[in-house]
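Q: Have a look at this one before I ask anything.
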Amino acid sequence: MIRNDVAITPELVKEHGLKPDEYDRFVNLIGREPTITELGIVSAMWNEHCSYKSSRIHLRGLPTKAPWVIQGPGENAGVIDIGDGQACIFKMESHNHPSFIEPYQGAATGVGGILRDVFTMGARPIASLNFLRFGEPDHPKTAHLVSGVVAGIGGYGNSFGVPTVGGSVGFDKRYNGNILVNAMAVGLARTDEIFYAKATGIGNPIVYLGSKTGRDGIHGATMASAEFDDASEEKRPTVQVGDPFAEKLLLEACLELMKSGAVIAIQDMGAAGLTSSAVEMGAKGNLGIELDLDKVPCREEGMTAYEMMLSESQERMLMVLKPGMEKEAEAIFHKWGLDFAVIGKTTDTLRFVIKHGGEVMADLPIKELGDEAPLYDRPWVESPKQPVILPDSVKAPMSEAEALLKLIGSPDQCSKRWVWEQYDHLILGNTVQTPGGDAAIVRVEDGPKGLALTTDVTPRYCEADPFEGGKQAVAEAWRNITAVGGLPLAITDNLNFASPERPESMGQFVGCVRGIGEACKALDFPVVSGNVSLYNETNGQGILPTPAIGGVGLMDDVALNASIAFKSEGEVVILIGATTGWLGQSIYLRDVCGREEGAPPPVDLVVEKRNGDFVRQLIRSAQVRTVHDCSDGGIALALAEMAIAGNIGADIAVAPEDMPLNAFLFGEDQGRYLIAADQDAAADILYEAGAIGIPAAMLGVTGGDALILPGRQAISVKQLKATHEAWLPNYMTGKS
Amino acid sequence: MKSAIIVFPGSNREGDMVRALTSAGSDAQKVWHAETELPKGTDLVVLPGGFSYGDYLRCGAIAGRATVMDAVRAHAARGGLVLGVCNGFQILCEAGLLPGILMRNANLKFICHRQFLRVERSDTAFTRAYAKGQAIDVCVAHGEGNYTADEETLKRLEGEGLVAFRYSDAQGHTTPDANRNGSMNAIAGIYSTKLNVLGMMPHPENLIEDLVGGTDGRGLFESLVSSFPKAA
């Protein structure tokens, strides 16, 4: 039992993750020494995870507006208009630290949290995606973490009933002690039925909904805001436990309640639970909040105010209801077997008052808890520029065919079927394009509209040049959406970085954010929601800078889509975009030559847009049904994936004479697409591209049962496929 | 043809089922699990996929004892048609309407993938639009689909021709690779003795459109609708 009148010592302050000057700031703000409950509350509100104190100043530079943006960052999720009175609501969020400590529950509650963010705003979730990074395969923990995280994501999403349609999985030693688990949820709502967190009206009832409050997850947000060390395993009790069944009921009950017209404001209890949700509702509405904790449904007896305010028990919501509608609301929640309790009211005092057992346990100024959180302009240094690696300087250690086989079966480039087969990606019956392509496509209701969805970033580019890497992450998401025929509309960003207190990693953050902003502006692709995850490091070893981008695009007619699979024999393979043979930071250089060096490929955003707009128009006019963007592994890897997906080979006879073959095939120049079209269409496409100055080159013709690279290097599609599919299942069963 | 889709807390493919039945021409409506009666004139009862009651205790165990199940049992006893898909199949087994049980998949993991089924007979209300021996391309999405029964039950199912579908390859051959959840005799679905109750793990309701993977699932719903005279 934690009494409310314990003396606040410097040790206690430190344990709460507050720096001495931050504590002093708080004492000055309230004009007295805080109670322990108050200390808990402020530690929850002022940690990095909730306050964005190191990142806010830089995030301001991101473009967040466009005519189709209904709600940008600052709410539970971003909202965009997709026409016909429909809105797409989406966000991505990290659950890195909990997933490292307890992979199944950490990942499961990550999915649960982001789904809740989306349906809190009135949307029915229609798709889920993720972005995962694990340590090197040989690390003793990696297989265990992959197994637990994948099972957790599936376990939650499958039961909840949302298709998990896309994602990204990769491995690198830099994530050995700090994996990344970023989950993205996408929902659908009517544009005139969107719900916000802002409370209105004085004396309105504040209602607690959902599961009961337990002692799990206390200080989860504080844990997420600290570096890891060897003792981090002991933090397992701060990981929450998910109950997808409760969440499914909560979804149905919330949507039903929203339809009844009883809801004024709603906020899910995510990080920092009851504290954060109540403060946000009050602060946004310029109102005070008074809570009586005696009314909070508890799972365990004897819970203190401190514990209740900091619990991160899952599947809970807070609402402000229209007065007089409590009975109706209660009936809906009881129908779904969920707890419902009026636990407080809005006030005109602008104070956050917590009562328990008849006593006032906390009495704090509500606006200041949010608005007066510390704001840091942390010192940062620019990452040193890397030299450009010229194509001629990279000697081929093996034939191109051997290199391709090596890459197609490598941990990062191999098929991730073992992962996505554990996710129900077909439920709801709208998955037009399943995992394994450039972007997933989900139809919107009965169509013809649809959404193209993807998650992307190339962390090694970001480390070598944060600005270019940030640009590339956005450009790649834009390109992947374009490659299936979607019009890219907006992104959510999940900025995973190491400690902001080290100028080098802060510099990576600043550079990446600037690059992201630049690309978003140039591509008309604003940021509408996001999440910042700092302190991703263990024992001083930071992760690769990893600003994961979740992109959403609109398909006017899902029937007019493209996929990566070769569709028939005798089609002409055309490369759109210019190739210089850029091998710096390429997968080829890293995995075939064993060199992690050089400047990453630059992204020319004007060219990116021009090439992409051209390709999208080809898909939308039904001239082309086969498109694959060129990214990791360049032309060679893209060709192999197209052949594998379609089970059709191709003869690639043409290679430029002024460039080494390895650089041509494996270079990672940006803004490029491979397309396949029948002979007549191909002639038109080459002509059209030429007329507007877009580089377009015929590389070869589809057909046969082998991919034949220039120089008559043939690999059978069967062998490509077997190699591509083998690594991950073998690894997970201990065979590789 | 009038169908009632039972919704339990945790059901999640009820919408997919409504869509499949409606597009085949059925008047499909959802029925809450706490009801004591089925809507008047119900021809077909469907227990849809999902995780009823969170799959807690055992898959289907709690739903199998839900209030509405008495009405479903009575409907089946009258010879009325009942279809249980995925979690619905698990519920039918738990409710005593079908024999056997669905165990954890052989690899102990949830699996979602496209799957061919061999249609074992085409003379039932559920399969008349198919040909006997035809391989249909549908999908599965389950963690516990490993059909298991005692020897005597299996013998009876096989002997009386009560196996509805088997996991197969594209040519309709049953192979170990095609039977990924490890079901006995590659059983994907079974009938009750009177052929009026069908339980199956795969999801025909997700394969009803070319744009979303194919139409091989349509036959099941068209069979059902064509089993009843059209309402005037």
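Values in this text are rule-based calculations from the coordinates and carry no lab data. Nothing here was measured: the structure is a model prediction, and the numbers come from that model. We place every Cβ from the backbone using ideal geometry, glycine too, and count neighbours over all the protein chains shown.
Q: Give the angle, between 0 and 90 degrees and rounded to the nearest 10, that separates the Cα long axis of helix A:36-46 from the longest principal axis of the Cα atoms of chain A.
A: Roughly 30 degrees, rounded to the nearest 10.
Q: Give the separation of the Cα centroids, region A:81-148 to region B:76-148, in Å.
A: 31 Å
Q: Sort B:MET201, A:MET325 so that the residue with the fewest other Cβ atoms within 10 Å of its own Cβ comes first and the one with the most comes last.
A: Values: B:MET201 30, A:MET325 17.
Least to most surrounded, the residues fall as A:MET325, B:MET201.
Q: What ranking do A:SER716, A:SER631, A:SER94 get, fewest neighbouring Cβ atoms within 10 angstrom at the top?
A: Details: A:SER716 14, A:SER631 20, A:SER94 26.
Ascending number of Cβ neighbours within 10 Å: A:SER716, A:SER631, A:SER94.
Q: Starting from the 7 Å offset along Cα-to-Cβ, what nm value, one decimal, do you get for the label separation of A:LYS395 and B:SER227?
A: 7.3 nm
Q: Here's another thing I want to ask about it. If amide hydrogens are placed 1.01 Å from N in the peptide plane, which non-local residues have theirs closer than 5 Å to the one on A:ASP669?
A: Counting only residues 5 or more places away or on other chains, the set is A:THR580, A:GLY581, A:TRP582.
Q: Taking only DSSP H segments of four or more residues, each worth -39500 (n - 2.57), what value at 222 nm results for the protein assembly as shown once the sum is divided by all its residues, to the nearest 500 deg cm²/dmol? Numbers along the way, then the final one.
A: Numbers: 29 runs with 301 residues, N = 968.
So the helix-based figure for the protein assembly as shown works out to -9000 deg cm²/dmol.
Q: For region A:1-78 and region B:149-192, what is the separation of their C-alpha centers, rounded to whole Å?
A: Answer, in whole Å: 59.
Q: Let me ask you something else. 5 Å is the cut-off here: which amide hydrogens, built 1.01 Å from N in the peptide plane, fall below it relative to B:LEU81, excluding neighbours closer than 5 in sequence?
A: Placed amide hydrogens put B:VAL45 under 5 Å from B:LEU81.
Q: Also, quick follow-up: Determine the relative contact order of chain B: mean sequence separation of Cα pairs under 8 Å and six or more apart, normalised by residue count, in whole percent. Before the final figure, lay out the partial values.
A: On the way: 550 pairs, mean separation 47.6, N = 232.
Relative contact order comes out at 21 percent.
Q: Computed over the Cα atoms of region A:64-144, what is the ratio Rg over Rh, Rh following Kirkwood?
A: Values: Rg = 16.1 Å, Rh = 14.6 Å.
Ratio of gyration radius to Kirkwood radius: 1.10.
Q: Here is the link list: A:LYS141/A:LYS735; A:LYS65/A:LYS471; A:LYS295/A:LYS345; B:LYS30/B:LYS132; B:LYS40/B:LYS230; A:LYS19/A:LYS367. Which ones come out longer than 23 Å on Cα distance? Don't skip to the answer; put the middle values down first.
A: Values: A:LYS141/A:LYS735 16 Å; A:LYS65/A:LYS471 18 Å; A:LYS295/A:LYS345 12 Å; B:LYS30/B:LYS132 32 Å; B:LYS40/B:LYS230 17 Å; A:LYS19/A:LYS367 21 Å.
Violating the 23 Å Cα-Cα cut-off are B:LYS30/B:LYS132.
Q: Also, quick follow-up: For B:LYS194, list the aspartates and glutamates whose Cα falls under 17 Å from its own Cα; do not include residues on the same chain fewer than 8 positions away.
A: Counting by Cα, and skipping residues close in sequence, B:LYS194 has these aspartates and glutamates nearby: B:ASP43, B:GLU120, B:ASP123, B:GLU158, B:GLU160.
Q: Another question, if that's okay. Tell me which residues come under 5 Å, amide H to amide H, from A:ASN130 once H is placed; ignore anything under 5 positions away on its chain.
A: Answer set, sorted by chain and number: A:GLY166, A:GLY167, A:SER168, A:MET184.
Q: For chain A, calculate the relative contact order in percent as a whole number, restricting contacts to Cα pairs under 8 Å that are 6 or more residues apart.
A: Details: 1922 pairs, mean separation 110.6, N = 736.
Once normalised by length, the contact order is 15 percent.
Q: Can you list the GluC sites (Glu not before Pro) in region B:1-45 that are in a DSSP coil and have 15 or fewer other beta carbons within 10 angstrom?
A: Details: sites: B:GLU14, B:GLU35, B:GLU37; in loops: B:GLU35, B:GLU37.
Here the GluC sites (Glu not before Pro) that fit, given the DSSP loop and packing criteria, are B:GLU35, B:GLU37.
Q: Same structure again: Quick check: Cα centre of region A:651-686 to Cα centre of region A:297-375, how many Å?
A: 60 Å
Q: Longer than 31 Å from Cα to Cα, which of A:LYS53/A:LYS521; A:LYS248/B:LYS155; B:LYS109/B:LYS155 are they? Say none if no pair is. Mind dumping the intermediate values first?
A: Numbers: A:LYS53/A:LYS521 25 Å; A:LYS248/B:LYS155 40 Å; B:LYS109/B:LYS155 28 Å.
Going by Cα-Cα distance, A:LYS248/B:LYS155 fall outside the 31 Å limit.
Q: Got a sec? How would A:ASP658, A:ASP268, A:ASP412, A:ASP424 order by Cβ neighbour count within 10 Å, fewest to most? Intermediate values should be presented prior to the final figure.
A: Numbers: A:ASP658 7, A:ASP268 29, A:ASP412 18, A:ASP424 33.
Listing A:ASP658, A:ASP268, A:ASP412, A:ASP424 from fewest to most nearby Cβ atoms yields A:ASP658, A:ASP412, A:ASP268, A:ASP424.
Q: Moving on. Just to confirm the filter: which trypsin sites (Lys or Arg not before Pro) across region A:1-109 are DSSP coil and have at most 15 other Cβ within 10 angstrom of their Cβ? Intermediate results must be reported in sequence, preceding the final value.
A: Details: sites: A:ARG3, A:LYS14, A:ARG25, A:ARG32, A:LYS53, A:ARG56, A:ARG60, A:LYS65, A:LYS91; in loops: A:ARG3, A:ARG32, A:LYS53, A:ARG60, A:LYS65.
Sparse-neighbourhood loop trypsin sites (Lys or Arg not before Pro): A:ARG3, A:ARG32, A:ARG60, A:LYS65.
Q: What does the average come to when, for each residue of peptide B:48-54, you count the partner chain Cβ atoms lying within 10 Å of its Cβ?
A: Working: counts 0, 3, 7, 8, 1, 2, 8.
Mean shielding count: 4.
Q: Among DSSP beta bridges lying fully in region B:2-226, give the percent that are antiparallel, nearest 5. Could the numbers behind the result be given before it?
A: Details: 23 of 40 bridges.
So the antiparallel bridges amount to about 60 percent of the total.
Q: Once you have the Kirkwood Rh of region A:562-736 from its Cα pairs, apply Stokes-Einstein at 10 °C and 1.306 mPa s and quote D in µm²/s. Could you put the intermediate results ahead of the total?
A: Details: Rh = 16.7 Å.
My calculation gives 95 µm²/s for D.
Q: Among the aspartates and glutamates, which fall within straight-line cross-link reach of A:LYS718, defined as a Cα-Cα distance under 13 Å, with same-chain neighbours fewer than 8 residues apart omitted?
A: Those aspartates and glutamates meeting the cut-off are A:GLU641, A:ASP705.
Q: Give me the inter-chain shielding for B:203-212: mean count of other chain Cβ atoms within 10 Å, whole number please. Could the numbers behind the result be given before it?
A: On the way: counts 4, 0, 1, 8, 2, 1, 6, 1, 10, 13.
Partner-chain Cβ atoms within 10 Å, mean over residues of B:203-212: 5.
Q: Ignore the peptide's own chain and count Cβ atoms of other chains within 10 Å of each Cβ in B:171-179; give me the average, rounded. Write out the running numbers ahead of the final one.
A: Working: counts 0, 0, 0, 0, 0, 0, 0, 0, 0.
Mean number of neighbouring Cβ atoms from other chains: 0.
Q: Would you please put A:504-515, B:19-30 in order of how densely packed they are, using the mean number of other Cβ atoms within 10 angstrom per residue and starting with the highest?
A: Details: A:504-515: 23.7, B:19-30: 19.6.
Per-residue Cβ counts within 10 Å, averaged per peptide and sorted highest first, yield A:504-515, B:19-30.
Q: How much of the DSSP bridge set in the protein assembly as shown is antiparallel, in percent, rounded to the nearest 5? The partial results should precede the final answer.
A: Numbers: 118 of 158 bridges.
Looking only at bridges with both residues in the protein assembly as shown, the antiparallel portion is about 75 percent.
Q: Let me ask something else. Compute the long axis of helix A:326-335 from its Cα atoms, compare it with the longest principal axis of the Cα atoms of chain A, and write down the angle in degrees, 0 to 90, nearest 10.
A: Its long axis makes an angle of about 50 degrees.
Q: So, one more: Sorted from largest to smallest, which semi-axis lengths in Å does the alpha carbon gyration tensor of region B:58-208 give for its equivalent ellipsoid, taking the root of 5 times each eigenvalue? Before the final figure, lay out the partial values.
A: Values: eigenvalues 98, 65, 42 Å².
Semi-axes, largest first: 22, 18, 14 Å.
Q: Now for a different question. Take the Cα pairs of the protein assembly as shown, get the Kirkwood Rh, then feed it into Stokes-Einstein at 20 °C and 1.002 mPa s and tell me D in µm²/s.
A: On the way: Rh = 29.2 Å.
D, rounded to a whole number, is 73 µm²/s.
Q: Right, another one. Taking θ as phi - 60°, what are the ³J(HN,Hα) couplings along region A:668-679 by the Karplus curve (6.51, -1.76, 1.60), each to the nearest whole Hz, with x for Gly and Pro?
A: Per residue, the Karplus-derived 3J(HN,Hα) values read 10, 4, 8, x, 10, 9, 9, 10, 10, 8, 5, 3 Hz.
Q: Hey, can you rank A:438-448, B:71-81 by average C-beta count inside 10 Å, highest first? Each step should come with its number before you reach the end.
A: On the way: A:438-448: 21.7, B:71-81: 16.5.
Going by the mean number of other Cβ atoms within 10 Å, highest first, we get A:438-448, B:71-81.
Q: Separate question: Once you have a ≥ b ≥ c as the square roots of the Cα gyration tensor eigenvalues for region B:73-134, tell me rounded if a/c is under 1.5, and otherwise prolate or oblate according to whether a/b is larger than b/c.
A: oblate
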